[in-house]
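Below: one structure, written as structure tokens.
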Amino acid sequence: MIKVNHLKKSFGKNEVLKDINEEFSQGEVVVVIGPSGSGKSTFLRCLNLLEEPSDGEIVFEGTTLTGLNEKDLNQLRQKMGMVFQQFNLFPHKTAKQNLTIAPVKSKGVDKHQADQTAVKLLRQVGLGDKEDAYPASLSGGQQQRVAIARALAMDPDVMLFDEPTSALDPEMVGEVLKVMKDLAQSGMTMVVVTHEMGFAREVADRVLFMDDGYIVESGTPDMIFSNPQNERTQDFLSKVL
Amino acid sequence: MKGVKGFIALLILFSILFIPAEPVSAEDGSALQRVQDQGVLVVGTSADFPPFEFYAVVDGERQVVGMDMMIAQKIADDLGVELQIQDIGFDSLLPALEARNVDVVIAGMTPTAERRRNVDFSDIYFRTFQNIMIRAEDEDIYDSIESLRGLTVGVQSGSLQEELAEQIPDAEIMSLTDLNDLLLALKTNRIEAIVMQGPNAEAHAGHDEDLHTFVGGFEMDDDDQGSAIAFRKGEDSLVDAVNESLAEIKEQNLIEEYLAKAGEYMAQTELDEDGEEIEAGFIASYWEYFLDGTLITLLISASAVFFGLILGSLLALMRLSKVFLVKQLATAYVEFVRGTPLLIQVMFIYFASGMFFNLPALTAGIIAVSLNSGAYIAEIIRSGINSVNKGQDEAARSLGMSKNDSMRYIVFPQALKNIWPALGNEFITIIKESSIVSVIGVGELIFQTRVVRSISFQGILPLFITMLIYFALTFSLTKLLNFYEGRMNHD
């Protein structure tokens, strides 16, 4: 579904991604782990071109995104939902309006239908009673669940999660992970950057370990967590587990 | 005075830059022909100068009347054209003439040698004398030029009197644009005397028992002893035609008749002042002036806010553009407009446009204030857009929203909320600063206040009323803005 060929990304002189080759298939749940500064988030943000790659190409559902014109890129982005560490809900919109604005304004979905979908999705993430609440009145966990529902409202083919629980108070991590787990079980293709090793072990089909701008090791959770081959993977896991 | 000279210098520079090929003094009857083709004679005056020119109600309508205006009507009739009067501040009359905003200037103007360098004059139509105005209580102390030695004396800036005042030994001279301000300064003891044109001084002293005037006995050139009509240089055909009319006026001794009629108009305004109930009488007599002024001020402010917001948004987006040229263009505009006074911008747009086509003063004023506020609003909006977290745009773009949709639905509404107080401040500033357009004769609130002061012979009360009106306007606006701020607040 997504193919990454020789992806490189530099910020000024700082080369963050050095040479990434990877492929994500339909229905696959992939968790990306690795130490801070290893390039995980940048990698994820390159997938929907929020960061412009310095070199290499991203192919999504047969279309090369890199070098695509603005209009076509917007169309393809609609099929790639993204969830951010800082939620980034629109503070001037209610929960429901957060879910309907993009479908109505950019996808041309009928307002009434968008409303119905929004209510359904909010219920699905356990916030059926919060449709008219503004983000400022919601807890962090609730905001992140609205953000997930917002991405789902565009009916995406793949969901990208950029450390979705890192900004949450510990007691709220569970409710967000639960929503993500349900989503994985429904068959959604997911790429998740996270430090939640429990989630990776339990939900992931595959785990990628990144370090210093490379994907160092890739395999089933069992292979990575129980029997890591690379020295750097072993070193990292010994610190976090 | 310095400002006027500087401005004239700027205009001359402008005319050198923009109309170098036009033969300024070629005279082939074209000036007269032009006026007759237009069918209108546009006369510039400064209507705060009874009995020469002032406002009065004629047939239920407010008009500029006075001796000069009757002369103007006679000239227009003789030329077979309509008369159109433009009331402009005295300082700005000659620039307006040179910039072609008006055809001639009739404003009790003395043809001094200095003025003759820039414009041409008709024959003198009214021989006059120069007075000194003092407080009635000082009648016994000041009776000659010599008696004012070393004291502070007021004059209207850019006037003949400004030069004459130098004949008072060691006097300290205070120049103000508005005669009414001078009279107020005299009554409040800020100055000891005013050098004023004779008939004008007598008109004021006759209406105000606190004032006393006497003939000054200044030494004057022959030229300086009368009033004449000003023309652009080289328009001899028009000057000749006007001189014919003036000769007729002299022959038939019409001036006497005109002055008598002007006196009637002045008496008419006096009737409105009822000694006992002066305050109620004042409002009842002049409320229309204040209402008109307030409406024009609101019109200018609302237009400037509307166009300023459009222009400001555009400039802000240009400044945030990645295209170097677009960005630099907007930056240069903002820097230039913020770095020059609104007063000059208003005058520049009005007078400069007059060289090419006849832009009404109100339109010129609205354009100038809009262009000015656009620059300030641009900076406010830019700071507002920058204040919105980058994650908001990223979230919108990740949902597939276009750059424009993200700006319009996500970033801009939040920016608007952040900059609301600053924007409100700018709107209030616009209401107050729109008063500057009174210099080009737009009848907004400050302008009307000046008119009321000159016809009511009241110095302070009109100022106080105007202050209250401005406060009512800005305070209501503040309340309105607060209401909307509350509605935007979802925290």
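Points worth noting:
- Candidates A:V109, A:V32, A:V176, ranked by Gaussian network fluctuation over chain A, Cα under 10 Å, top entry: A:V109
- Taken as Cα centroids, the range B:134-156 and the range B:163-226 sit 9 Å apart, rounded to the nearest whole angstrom.
- Taking every residue in A:89-97 and counting other chain Cβ atoms within 10 Å of its Cβ, the average works out to 4.
- Averaged over the residues of peptide A:78-84, the number of Cβ atoms from other protein chains lying within 10 Å of each residue's Cβ is 3.
- Between 0 and 90 degrees, the angle of helix B:412-433 with respect to the longest Cα principal axis of chain B falls at about 10 degrees.
- The heavy atoms of B:S435 offer some 20 square angstrom of accessible surface to a 1.4 angstrom probe.
- For the range A:101-110, backbone phi angles converted through the Karplus equation (6.51, -1.76, 1.60; θ = phi - 60°) give residue-by-residue couplings of 4, 5, x, 6, 7, 10, 10, x, 6, 4 Hz, Gly and Pro being listed as x.
- Taken as Cα centroids, the range A:46-60 and the range A:89-105 sit 27 Å apart, rounded to the nearest whole angstrom.
- Remark: C-alpha extents of the range A:80-155 on the principal axes read 30, 25, 22 Å, sorted largest to smallest.
- In the range A:1-134, the alpha-carbon atoms span a convex hull of 150 Å³ per residue.
- Compactness of chain B as Cα Rg over 2.2 N^0.38 Å, two decimals: 1.13
- Considered as an equivalent ellipsoid built on the Cα gyration tensor, the range B:203-344 has semi-axes of 49, 30, 17 Å, the largest given first.
- Overall, the ratio between the Cα radius of gyration of the range B:282-489 and 2.2 N^0.38 Å, rounded to two decimals, is 1.20.
- Exercise: per-residue mean of other protein chain Cβ atoms within 10 Å, A:147-153: 1
- DSSP-loop GluC sites (Glu not before Pro) across the range B:139-208, with at most 13 other Cβ within 10 angstrom: B:E139
- For the range B:241-246, backbone phi angles converted through the Karplus equation (6.51, -1.76, 1.60; θ = phi - 60°) give residue-by-residue couplings of 4, 5, 4, 4, 4, 5 Hz, Gly and Pro being listed as x.
- In order along the range B:54-67, the Karplus-derived 3J(HN,Hα) couplings, from 6.51 cos²θ - 1.76 cosθ + 1.60 at θ = phi - 60°, round to 6, 8, 8, 8, 10, 6, x, 10, 7, 9, 7, 10, x, 4 Hz, and Gly and Pro are given as x.
- For the range A:189-225 and the range B:310-367, distance of Cα centres in Å: 58
- Mean projected area (nm²) of the alpha-carbon convex hull when the range B:320-420 is viewed from all directions: 8.3
- Averaged over residues, the count of other Cβ atoms within 10 Å places the peptides B:373-383, B:313-323, B:335-345 in the sequence B:373-383, B:313-323, B:335-345, highest first.
- Angle in degrees between helix B:461-488 and the longest Cα principal axis of chain B, rounded to the nearest 10: 10
- When the residues B:I173, B:I440 are ordered by accessible surface, computed with a 1.4 Å probe over the protein chains alone, the sequence from largest down reads B:I173, B:I440.
- Distant-in-sequence amide H partners of B:Q130 (H built 1.01 Å from N, under 5 Å): B:G198, B:G216, B:G217, B:F218
- Whole-percent pair-distance distribution, where bins are 10 Å wide, for the alpha carbons of chain A: 8, 31, 35, 21, 5, 0
- Options B:F336, B:T363, B:A72, ranked by Cα towards positive dipole end of the protein assembly as shown, top entry (Cβ charges): B:F336
- Sparsely packed trypsin sites (Lys or Arg not before Pro) within the range B:95-130, loop by DSSP, other Cβ within 10 Å at most 15: B:R117
- Counting all C-alpha pairs of the range B:377-435, share separated by more than 16 Å (%): 48
- D (Stokes-Einstein, µm²/s), Kirkwood Cα radius, the protein assembly as shown, 1.306 mPa s at 10 °C: 50
- Net charge dipole, the range A:1-148: roughly 400 debye, given to the nearest 20, about the Cα centre with Cβ charges of +1 for Lys and Arg and -1 for Asp and Glu.
The values are calculated or read from the model by the stated rules, or taken from the named source; none is laboratory data. The model shown is predicted, which means the values in this text are computed figures rather than measured ones. Neighbour counts are summed over all protein chains in view; Cβ atoms, including those assigned to glycine, are modelled from backbone coordinates with ideal geometry. All accessible areas refer to the heavy atoms of the entire protein, side chains included, with ligands and DNA or RNA removed. Shrake-Rupley method; radii C 1.70, N 1.55, O 1.52, S 1.80 Å.
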